[in-house]
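Participant: One structure, as structure tokens, below. Some questions next.
The values are calculated or read from the model by the stated rules, or taken from the named source; none is laboratory data. Model, not experiment: these values are computed from the prediction. Cβ coordinates were reconstructed from backbone atoms using ideal geometry, including for glycine residues, and neighbour counts include every protein chain displayed. When the accessible area is computed, the model is the full protein with side chains, heavy atoms only, and any ligands, DNA or RNA have been set aside. Shrake-Rupley method; radii C 1.70, N 1.55, O 1.52, S 1.80 Å.
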Amino acid sequence: MQTWKISAGVGLASLGFLTACGGGNDGLPQLTPAQAGTLANCTTLASSFAFANTTIDAATVVSEGTLKNAGTPIGEHCAVTGKMNRRTSAVDGQTYAIGFEMRLPKAWNGRLLYQANGGTDGVVSQAVGGFVGGGPLHNALQQGFAVISSDAGHSATQNPLFGLDPQARLDYGYMAVGTLTPMAKGLIKAAFGKGPDRSYIGGTSNGGRHSMVAASRYASEYDGFLAIAPGFNLPKAAVAQLYGAQQWAKVATDPANLETALPQAERKLIANAILTKCDALDGASDGLVQDMDACQSAFDLARDVPTCTGDRNGSCLTPAQKTAIGNVYAGARNTKGDALYARWSYDPGISQTGWADWKFRNAVGAARDPVAVAFIFSSPPESTSILSNTLGYALNFNFDTDAPKIFATSGIYTESAMSFMTPPNPTQLDGVRNKGGKLLVIHGSSDPVFSVDDTTNWYQSLNARYGGNAAEFTRFFRVPGMGHSRGGPATDQFDALTALVNWVEKGEAPDSILAAARGAGNAGGVNAELPASWSATRTRPLCAYPKVARFKGTGDIESAGSFHCQ
């Protein structure tokens, strides 16, 4: 059911970390709030629930306190596990199925959440709707959502070679979400006596990609979409990782350890130089670069970081290092100079451990980018012989002849990776807009694997497509200092799901979302990379792009109340 919003006027939200203002006379439909329900059926679901090509393996009551989140007991709920579309592949002889888990709270808020998981999937993560390591202190299950999680159609033991099977590729890319969603709604109806009033999908990294793909492919099934650190151009980003590996290899002192190209002391040198030029651009010298766009003009790697005249000692960079770093930040290219992925923005978060993990280890490791490119994204897939030398594969990847394979089809691989992995029409979201749906996208400014510039470019294109009015149904937030999904010198704990629900169901469009640091004593876990000079409970507003959090000139520099979005 929906009503039509006619007048402006939006109240302040009081739930979670959300502050909201704006909204208004946009003429879009306003969806009505979900209505609560009570779990009426659990254990009999294993024998009574019927849905095409679906097997329920177990349905059990989980008592209150069996699970906890941030030290708080999670209420009584029903845990259901099962599989859909079990089959044996004619390509590799493997048995595949879309495995899932649903958790149905006894006190239900009338909503479904599809918990889209990260990486190359393959694991049915616990269906609690937590999203990010620094996420809200009350996860979606605690908030009363019915939550579904899946392995996207393959098991962990089949990673990454599930990519040899064409259907497993498609399930991973988008079909598992499309297959599971109507089943999940049917299961909810069987358990509660009615289907969900409102449906949401959200996730981080590859889960954020799933959300953006769903906004394009499955707008009729969902009302709200939450994409955090979204890898919506994941095949391109994976290719860019291999490009980066080749740049680092040129200056690494140990060919087997790419971090020797730019160890932590030298990354800290760069971070400090960025802070010197950019920290005060938002009016406060506080270890955060809020005005990241202005920073890209203010900071110059060649000029602002000392150049070594002798040996490397952590106080300077060699000319060759500066060239390699500059090449990486300018974005992957082939020998013709054609861009293969987006450029990157300089941010103090370069000093964090997670940045190094992605740039130096995951870019060449046997569990991440080389195997994803080789077996999941390339058509046809590469020989399995590369599994024994993924470093060699990464360092010998040809950006003229190998990179185009992510756009290719061949034989039984009738959809390219760029077709099955990405939103087919990323800036055409009429299905979301016209039904009153909403999309929130949140991305760390120092994400080392998915470029925040790529997401910024996408939002700018979306806004242009809708005549400068994309904010009526989509809002984009950048998190200064945050790495991939979490961590770094950042306020990385926020409740975006509540912000999304309040926007979808109450019309409270979020101009800002309150974010907190995870210092000592934080119930949601401690971020060990917070600077010692910060308050353990620092807060900041995350501002809807293109606004930037700026210091008001007075007040506690550790408090969000001393900043406003301009």
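Participant: Considering only protein heavy atoms and a probe of 1.4 Å, how much of the accessible area of the chain is carbon and sulfur, as a whole percent?
Facilitator: Details: 10310 of 20190 Å².
C and S fraction of accessible area: 51 percent.
Participant: Kirkwood hydrodynamic radius of the stretch 195-236 from all distinct Cα pairs, in Å? Intermediate results must be reported in sequence, preceding the final value.
Facilitator: On the way: mean 1/r = 0.0981 Å⁻¹.
Taking the inverse mean of 1/r over all distinct Cα pairs, the stretch 195-236 comes out at 10.2 Å.
Participant: Return the sequence-ordered ³J(HN,Hα) values of the stretch 74-89 in whole Hz as given by the Karplus equation 6.51 cos²θ - 1.76 cosθ + 1.60 applied to θ = phi - 60°, using x for Gly and Pro.
Facilitator: 8, x, 4, 7, 9, 9, 10, 10, x, 9, 10, 6, 5, 7, 10, 6
Participant: If R0 is 35 Å, what FRET efficiency do you get for residue 41 and residue 220 from their C-beta distance, rounded to 0.05? Provide the component values of the computation, followed by the final result.
Facilitator: Details: r = 27 Å, r/R0 = 0.77.
E(calc), rounded to 0.05, equals 0.80.
Participant: Then there is this: Straight-line reach only, C-alpha to C-alpha below 22 angstrom: list the lysines that residue 552 could link to, leaving out same-chain residues fewer than 8 apart.
Facilitator: 277
Participant: With the cut-off at 1.5 for a/c, could you classify the stretch 401-455 from its C-alpha gyration tensor as rounded, prolate or oblate?
Facilitator: Numbers: a/c = 3.76, a/b = 1.35, b/c = 2.79.
Note, shape of the stretch 401-455 comes out oblate.
Participant: What lysines does residue 359 reach when the alpha-carbon gap must be under 19 Å and sequence neighbours fewer than 8 apart in one chain are set aside?
Facilitator: Reachable lysines: 236, 250, 268, 322.
Participant: Any idea what the relative contact order of the stretch 474-566 is, in percent, if you count C-alpha pairs under 8 Å spaced at least 6 apart?
Facilitator: Working: 163 pairs, mean separation 23.8, N = 93.
Once divided by the residue count of the stretch 474-566, the mean separation gives 26 percent.
Participant: If the cut-off is 18 Å between C-alpha atoms, which aspartates and glutamates fall inside it for residue 189, apart from same-chain ones fewer than 8 positions away?
Facilitator: 101, 197, 221, 223
Participant: Another question, if that's okay. List the GluC sites (Glu not before Pro) within the stretch 43-145 that fall in a DSSP loop (any state other than H, G, I, E or B) and whose Cβ has at most 11 other Cβ atoms within 10 Å. Walk me through the numbers on the way to the answer.
Facilitator: Working: sites: 64, 76, 101; in loops: 64, 76.
Answer in residue order: 64.
Participant: I would also like to ask the following. Share of Cα-Cα pairs in the stretch 247-394 beyond 24 Å, in percent?
Facilitator: The share of Cα pairs beyond 24 Å in the stretch 247-394 comes to 40 percent.
Participant: Could you rank the peptides 196-207, 291-302, 507-518 by their average count of other C-beta atoms within 10 Å per residue, with the highest value first?
Facilitator: Sorting 196-207, 291-302, 507-518 by mean packing, highest first, produces 196-207, 507-518, 291-302.
Participant: Keeping all protein chains in place, calculate the accessible area per residue for the chain (probe 1.4 angstrom), answer in Å².
Facilitator: 36
Participant: Now, a different point. If you count the DSSP beta bridges with both ends in the chain, what percent of them are antiparallel, to the nearest 5? Walk me through the numbers on the way to the answer.
Facilitator: Values: 45 of 72 bridges.
Beta bridges within the chain, antiparallel portion: roughly 60 percent.
Participant: Just check the stretch 446-503 against the gyration tensor rule for me: Cα atoms, a ≥ b ≥ c as the square roots of the eigenvalues, rounded for a/c under 1.5, and otherwise prolate or oblate depending on whether a/b exceeds b/c. Spell out each step's value before the answer.
Facilitator: On the way: a/c = 3.29, a/b = 1.35, b/c = 2.43.
Here the stretch 446-503 falls in the oblate category.
Participant: Something else about it: What is the Cα radius of gyration of the stretch 39-134 over 2.2 N^0.38 Å, N being its residue count?
Facilitator: Working: Rg = 15.3 Å, N = 96, 2.2 N^0.38 = 12.5 Å.
Dividing the Cα radius of gyration by 2.2 N^0.38 Å gives 1.23.
Participant: Calculate, in nm to one decimal, what residue 523 and residue 353 gain on full extension: separation in residues at 0.36 nm each, minus their alpha carbon distance.
Facilitator: The residue 523-residue 353 span can extend by a further 59.0 nm.
Participant: Give me the dipole magnitude in Debye, nearest 20, for the chain about the Cα centre, with unit charges on the beta carbon: positive for Lys and Arg, negative for Asp and Glu. List each step's numbers first, then the result.
Facilitator: Numbers: 44 positive and 45 negative charges, 131 e Å.
So the magnitude is around 640 debye.
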